[in-house]
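Notes follow once the structure below has been shown.
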Amino acid sequence: MRPQRLVIIGDVMLDVVVRPLGPVAPTSDTASEVRLSRGGSGANIAVAAAAHGCDVVYVGAAGDDAGGRSFIEDLTRAGVVARVGIVPSPTGVVVALVAPDGQRAMLTDRGANRSLSLDHVMDCLAAPFDHLHVSGYTLLDAATRATGVAALAEARGRGMTTSVDVCSVAPLREMSAEAFLSATTGSTWLVANQEEALSLSGADEVDSALDRLSLHFAEVVVTRGPLGAVVRTRTERFSAPSASAEIVDTTGAGDAATGSYLASRLQGSSIDDSLEVAMRSAADVVGGLGASGWTAS
């Protein structure tokens, strides 16, 4: 069986991950651990999917700068084909502030990502592929939403499977659950964390959220941090416990789980086996600081 060809549309980001080693001094210095790395939720998914046997093409937009070049180099080293359009804006940057429990808050400048063009995306979709994944960040931003929706429609029209992930609850609430569902309903897979799933469904507990969201998608995957993950099809429910022991930083854990799960499912594995693979991948990520291994040199 040949490897499945997966196209991912997502952000090109440079991550600055900061974990203060004590209380933050508002007007002075605070000793911290700081890591500079390749970011982008979709790119994390791409690397995980490539590591699990898929041929992956990554589509995005970057500036003509060190951040964009390093991003492309990092994906190439990971075996991902980077189809990144260069635009006259700086490459996106996110600063992730990591709390003592490993949770993070993110300060985001989407930069060149807002200039991702429909022409570039459709050119990248011209070659044969098996599955299209669209990052929620592309759909949550009004500047790129129509491009993401058009790409999903193109893939579905050609009989390909599709997937979307929600990515971030604050812009989801700003966009509205109804608008997000309108943009994504009919996709094969939906991936969300627990908070995103509750917000998107309007439910107050996970089982109800799964029931409601399964009316729109063939397979709904909800990651739950230390509680593992659950999957709902239109007829069955599946679950897996977390495989994580020590949690240093949760940045990128859900992305690793998503990429590993999609790769496993696209290559014919069962939901149970794919969930197990996803939980192991997430556990590998949370044990270190930052979502990827690339550091500036």
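Looking at the stretch 197-218, can you tell me whether even one residue there is under 17 Å from the mean Cα position of the chain (by Cα) and more than 19 Å from L118 (Cβ to Cβ)?
yes
Take the residues in the stretch 109-149 that are under 17 Å from S168 (Cα atoms), outside any helix (DSSP H, G or I) and touching a residue at least 60 places away in the same chain (Cβ under 8 Å), then tell me which one is nearest to the chain's Cα centre (by Cα).
That would be S135.
Say whether the condition of being buried (at least 22 other Cβ atoms within 10 Å of the Cβ), at negative phi and at pLDDT below 95 is met by at least one residue in the stretch 200-209.
If we filter the stretch 200-209 for residues that are buried (at least 22 other Cβ atoms within 10 Å of the Cβ), which is where we start, we get 200-201, 209.
If we keep only those that are at negative phi too, we end up with 200-201, 209.
Then keep just the ones that are at pLDDT below 95; that gives none.
No; the residues of the stretch 200-209 include none that is buried (at least 22 other Cβ atoms within 10 Å of the Cβ), at negative phi and at pLDDT below 95.
The values are calculated or read from the model by the stated rules, or taken from the named source; none is laboratory data. Remember, it's a predicted structure, so these values are computed and weren't measured experimentally. For neighbour counting, all protein chains shown are included, and Cβ atoms are generated from backbone atoms with ideal geometry for every residue, glycine included.
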